[in-house]
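Trainee: If you scroll down you'll find the structure; I have some questions about it.
Read-outs throughout are calculated quantities, based only on the coordinates presented, and are distinct from any laboratory measurement. Everything numeric here is computed off the predicted structure, so don't read it as measured data. Using ideal geometry, Cβ is built from the backbone for each residue, glycine included, and neighbour counts are taken over all protein chains shown.
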Ligand SMILES: Nc1ncnc2c1ncn2[C@@H]1O[C@H](COP(=O)(O)OP(=O)(O)OP(=O)(O)O)[C@@H](O)[C@H]1O
Ligand SMILES: [Mg+2]
């Protein structure tokens, strides 16, 4: 197997709610390698979203380290974290993935624009990516004119556009019917196989889990 | 791309965008109109005061200013020719001013009688234009001992055209003298206090009664070629060296302090009014933009999550309100200009809405006008307010925690 992309050491996250402390994650040790297709599973409240947010630099650990390609995320400032996310992480969220006023093409190009990639190049790449997720004929549609499954596929294309080190998808199929969910997973798996892109996704769905090549099971904030 | 996104965001909630554009337009039009109206109103008042009541410049002996006694007079003969050499001076009118008792068949009271040369006085004051046909004229008939009085005085003393009235005064020799005059004209300038206190007779008649020597006067009124402040200062500068130490020259602003204040402090007053308008406008825009930011919380969270920097989010939101404000600003400027220039040409009759105005000596026709500086200042401030008002809401947008925004 390849080299490690993500190394997690003794990671804990405690949320304080008034006097209560919620131990969302406790002493997690994990290594994710280049080219993995990994599912994080576990009951609701087990800490899946928290873990993915930590890896993606959206939230900061209470203790422990996350190292992505030799960079310790704890050492980054707020602004450095934004750039880290832009250049290293592809995000697919459960909802609100796309900018409603922009077309599919513009949504995918947008992230490359944030990276200051010339529009000619970004446009070409966006079209290629939309074709690779099977939406070559819908590039000029706005999100509201696309089905939920199509929207999530645009989100996958957008996540790939910035050439990230890995893609994080937090319950990407939660709002989809089973057929669209399967279709999305197939596309993700294809990209993983062909382009060796690392995918980490969380899910409740048994059929989605079945597609994963590695499963990390969480319970009460611990890996089991 | 940020520009494109801002542009598209604007059309997301058309109603809201239209509200912002409309407030900017209204703010600008209101600002331009108020400033224009005030300019017109004050200019109207100043012009009519200068043309009728107080000349651009007037010369008195210093003692006369504090006490209007008959003996506080000065010699005009040489001075008159010297003053008229100034290119800024249009006309000059020497005046004898004496406090007298006036008595009609009904009433007795005090007035100031002005002894003037009608030909010269007509070139300094437009009072003669304010006598209607049925109220006689300004010394047109060559009858001696004629008098022109104000409408208010005529009413109060029940004096009619061609009535006889008697003026009593103390002559230069300290003797009580009196003489009868026949009313040849009644002027109405819409300023009752003025009309009640000033009557006009020929200087040679008054000189005869009061035994004031030839060439001795109490005041010289000077009319200049225009109403510009620069002309006023230049003319004053020209005349000061001609005066001896007992005489004093005063501008209309110095004679009527209220009018001076009107004209000097008007810009400050206008700035206060414009600021109030801007405050309202700014408050409205802050609220509206804040609402649009809060509605987009999830989306903004997503944008920040995938790597859009705070700076770019700020840029996007400020750009949105800049586009709206500039658009509204452009229309508002155009509309304001059209309104002002139309009203400037047609004039506004404010007698209906402000019926009390006429009684205080304000003319009821106002011709709004605005200077380029005032206009650009208002436009600049309105647009600046629009842009600055977006800063607080965008700061609010940046305090969004992307991780939390996404969870919702
Ligand atoms: N901002 C927060 N403040 C306080 N507690 C939080 C916060 N975010 C998450 N938690 C708590 O942390 C724990 C883990 O939450 P998390 O969202 O990671 O679970 P999850 O596995 O993603 O659940 P689900 O399957 O429902 O999405 C939960 O008990 C949750 O209530
Ligand atoms: Mg979750």
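Trainee: Tilt of helix A:104-114 relative to the longest C-alpha principal axis of chain A, in degrees (0 to 90, nearest 10)?
Mentor: 60
Trainee: Rounded if a/c is under 1.5, else prolate if a/b is larger than b/c, else oblate: which is the range A:1-112, with a ≥ b ≥ c the root eigenvalues of its Cα gyration tensor?
Mentor: In terms of gyration-tensor shape, prolate.
Trainee: Follow-up question, since we're still on this one. Evaluate the distance, in nm, between pseudo-label points positioned 7 Å from the Cα of residue B:67 and of residue A:217 along their respective Cα→Cβ axes.
Mentor: It works out to 11.7 nm between the two label points.
Trainee: Can you compute the FRET efficiency between residue A:193 and residue A:3 using 1/(1 + (r/R0)^6), with r the Cβ-Cβ distance and R0 = 22 Å? Round to the nearest 0.05.
Mentor: 0.75
Trainee: Still on this structure, I have one more. DSSP beta bridges in the range B:57-255, what fraction antiparallel, as a percent rounded to 5?
Mentor: 80
Trainee: Something else: Take the alpha carbon gyration tensor of the range B:274-325, find the square roots of its eigenvalues, order them as a ≥ b ≥ c, and report rounded if a/c is under 1.5; if not, report prolate when a/b exceeds b/c, else oblate.
Mentor: prolate
Trainee: Report, as an integer, the average count of C-beta atoms from other chains found within 10 Å of each Cβ along A:48-54.
Mentor: Mean shielding count: 2.
Trainee: Restricting the count to DSSP beta bridges whose residues both fall in the protein assembly as shown, what percent are antiparallel, rounded to a multiple of 5?
Mentor: Just about 70 percent of them are antiparallel.
Trainee: So, one more: What order do you get for A:87-93, B:62-68 when each peptide is scored by the mean count of other beta carbon atoms within 10 Å, highest first?
Mentor: Descending packing order for the listed peptides: A:87-93, B:62-68.
Trainee: At a Förster radius of 41 Å, what calculated FRET efficiency corresponds to the Cβ-Cβ distance of residue B:398 and residue A:210, to the nearest 0.05?
Mentor: So, using R0 = 41 Å, E works out to roughly 0.45.
Trainee: Would you please classify the overall shape of the range B:28-158 from the alpha carbon gyration tensor, given that a ≥ b ≥ c denote the square roots of the eigenvalues, rounded means a/c under 1.5, and beyond that prolate means a/b larger than b/c while oblate covers the rest?
Mentor: Taking the square roots of the gyration eigenvalues as a ≥ b ≥ c, the range B:28-158 is oblate.
Trainee: Would you please state which residues of the range B:166-209 a label at residue B:107 would reach in this model, taking the label point 7 Å out along Cα→Cβ and a backbone N cut-off of under 14 Å?
Mentor: The answer is B:192-198, whose backbone nitrogens lie closer than 14 Å to the label point.
Trainee: What three numbers, in Å, describe the spread of the alpha carbons of the range B:57-255 along their principal axes, ordered from the longest?
Mentor: Taking max minus min along each principal axis of the Cα atoms, the range B:57-255 gives 48, 38, 29 Å.
Trainee: Rounding to the nearest 10 and keeping the result within 0 to 90°, find how far the Cα-based axis of helix B:229-239 lies from the longest principal axis of chain B.
Mentor: Tilt relative to chain B: about 30 degrees.
Trainee: Also, I was wondering about something else. Need one number: % antiparallel among DSSP beta bridges in chain A, to the nearest 5.
Mentor: The antiparallel proportion sits near 50 percent.
Trainee: Against the longest alpha carbon principal axis of chain A, how many degrees, from 0 to 90 and to the nearest 10, is the axis of helix A:148-161 turned?
Mentor: Result, in degrees: 80.
Trainee: Under a plain spin-label model, where a point goes 7 Å from the Cα along Cα-to-Cβ, how far apart in nm are residue B:244 and residue B:173?
Mentor: Placing both labels 7 Å beyond Cα along the Cβ direction yields 2.4 nm.
Trainee: Once both labels are modelled 7 Å past Cα along the beta-carbon direction, what's the residue A:21-residue B:268 spacing in nm?
Mentor: 6.3
Trainee: Can you check how the C-alpha radius of gyration of chain A compares to 2.2 N^0.38 Å, as a plain ratio?
Mentor: Compared with the compact-globule rule of thumb, chain A sits at 1.00.
Trainee: Can you give the mean number of other chain Cβ atoms that lie within 10 Å of the Cβ atoms in peptide B:297-305?
Mentor: The per-residue average across the peptide is 5.
Trainee: Cut-off 10 angstrom, C-alpha nodes, Gaussian network model of chain B. Which of B:303, B:343, B:79 fluctuates the most?
Mentor: Comparing B:303, B:343, B:79 in the GNM, the peak value goes to B:303.
Trainee: Any idea how far the Cα center of the range A:95-127 sits from the one of the range B:302-334, in Å?
Mentor: 19
Trainee: How many partner chain Cβ atoms sit within 10 Å of a residue's Cβ in peptide A:96-104, on average, as a whole number?
Mentor: Per-residue shielding by partner chains comes out at 5.
Trainee: What is the Cα centroid distance between the range A:1-54 and the range B:111-129, reported in whole angstrom?
Mentor: A separation of 99 Å, based on Cα centres.
Trainee: Let me ask you something else. Do the sum for chain B: with -39,500 (n - 2.57) for every DSSP H run of n ≥ 4, divided by all residues, what is the mean residue ellipticity at 222 nm, to the nearest 500 deg cm²/dmol?
Mentor: Helix contribution divided over all residues of chain B: -16500 deg cm²/dmol.
Trainee: Residues of the range A:190-224 with the amide nitrogen closer than 17 Å to a label point 7 Å from the Cα of residue A:131, along Cα-to-Cβ, please.
Mentor: Counting backbone N atoms under 17 Å from the label point, the list is A:191, A:195.
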